[in-house]
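Step one of this worksheet: look at the structure below.
The values are calculated or read from the model by the stated rules, or taken from the named source; none is laboratory data. It should be emphasised that the depicted structure is a prediction, and the values quoted were computed from it without experimental measurement. Heads up, the Cβs are rebuilt from the backbone with ideal geometry, glycines too, and the neighbour counts pull from every protein chain shown.
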Amino acid sequence: MNVFSKHETRRRLLRGAPDADLLATLVGQWFQSPQGEAVFNAEKEIVDPILSRLFGYHILQIGCNEEFSLIKDSPVGHKILFAPSWRPGSTHPVANNEELPLATDSIDVVVVHHALDFTEDSHRLLREATRVLRPGGHMLILGFNPLSPWGIWKLFKRRTHIPWRARFLSKRRLSDWLQLLNLHIDAIHHGLHFMPLNFGRILRHAGRMEKFGCRLGSPLGGAYVFVCVKQVVTITPIIPRWRPLRTRASVIPAAENARVKIH
């Protein structure tokens, strides 16, 4: 993984949205922090049981850093994670999340891991993820929930840091997009029920708070997981409506019109 100097990182952040390579570094560094590790573990606890029930030939994870995989324990054999750029020693193929080098309708399961939160064009990325998903295939979308303590905390944090520079898309907005793309929502799960504080003493109890929040089914978790199915567009055949031919009343069948002359 590329590691930028603090001066270079600050200079590139001040120019606006980071490029994919810098973003991957920032997200990777955050996932290695106590807070990021707690977030990743909580999300994996939600995703693992769902993925264990989904089968197929190909599974794709679209995220910001390929080193942190939510799909490694999936029963699907061929697992695909793209890197934003080439790195020494990396075995992952390189691709842009918004221009995937995959055939249309070719992937059985797609997991979008906070990629919508960290792109400048979330709708474009979602369209691309839908394009490669086969009809009847499943898509899992993980995003930060603005209607949560994490969303409120974001208002008071510097937007240059992860995860507070994320977009925090609302569930209603995402639901509208999914409907337009013909993706049926099967279920919505919530996670990150612990407070968004980066203190080791508090994070040690994150697992316990997470289980309690999940047991209550609280919709106020800091992250949501949408489980969607790409609907099959059925083609209805057009059957011509032929009108029956009506026999004219003035026409008498030949058999009835025949006369037999008896001598």
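Starting from the stretch 197-217, keep only residues that are touching a residue at least 12 places away in the same chain (Cβ under 8 Å), then list their pairs with residues that are acidic (D, E) and surrounded by 13 or more Cβ atoms within 10 Å (Cβ to Cβ) whose Cβ atoms are within a distance under 8 Å, requiring at least 6 positions of separation or different chains. Listed by first residue and then by second, the contacts come to E210/E45. For the stretch 161-170, does any single residue satisfy the condition of being surrounded by fewer than 16 Cβ atoms within 10 Å (Cβ to Cβ), in contact (Cβ under 8 Å) with a residue 60 or more places away in the chain, out of contact with any strand residue (DSSP E or B) (no Cβ under 6 Å at 6 or more places or on another chain) and among the hydroxyl-bearing types (S, T, Y)? No - not one qualifying residue is present in the stretch 161-170.
Among the residues of the stretch 30-47 satisfying the criterion of being within 15 Å of the chain's Cα centre (by Cα) and not basic (K, R), which is nearest to T130 (Cα to Cα)? Filtering the stretch 30-47 for residues that are within 15 Å of the chain's Cα centre (by Cα) and not basic (K, R), the one nearest to T130 (Cα to Cα) comes out as V47.
Within 19 Å of N97 (Cα to Cα), free of Cβ contacts under 8 Å to residues at least 40 places away in the same chain and touching a Ser or Thr at 6+ places or on another chain (Cβ under 6 Å) - does that describe any residue in the stretch 139-148? Scanning the stretch 139-148 turns up no residue that is within 19 Å of N97 (Cα to Cα), free of Cβ contacts under 8 Å to residues at least 40 places away in the same chain and touching a Ser or Thr at 6+ places or on another chain (Cβ under 6 Å). Among what's in the stretch 205-231 and is at pLDDT 80 or above and assigned to a loop (DSSP other than H, G, I, E, B), pick the residue that is surrounded by the fewest Cβ atoms within 10 Å (Cβ to Cβ). In this case the residue turns out to be G217. Output the residues belonging to the stretch 83-96 that are in a loop (DSSP other than H, G, I, E, B) and either among the small types (G, A, S) or modelled with pLDDT of 95 or more (or both). Matches in the stretch 83-96: S85, G89, S90, A95.
Against the numbered list (1) surrounded by fewer than 16 Cβ atoms within 10 Å (Cβ to Cβ); (2) part of a loop (DSSP other than H, G, I, E, B); (3) modelled with pLDDT of 90 or more, I71 comes up short only at (1). Remark: D121 matches the filter, which requires a residue to be loosely packed, with under 14 Cβ neighbours inside 10 Å and acidic (D, E).
Which of the residues that make up the stretch 1-59 are in a helix (DSSP H, G or I), surrounded by 14 or more Cβ atoms within 10 Å (Cβ to Cβ) and modelled with pLDDT under 50? T9, R12, L13 - these are the residues of the stretch 1-59 that are in a helix (DSSP H, G or I), surrounded by 14 or more Cβ atoms within 10 Å (Cβ to Cβ) and modelled with pLDDT under 50. The residue of the stretch 130-154 that is surrounded by the most Cβ atoms within 10 Å (Cβ to Cβ), among those that are among the basic types (K, R) and modelled with pLDDT of 95 or more, is R134. Inspection of the stretch 119-129 finds no residue satisfying the criterion of being at pLDDT 95 or above, part of a strand (DSSP E or B), closer than 25 Å to H189 by Cβ and not small (G, A, S).
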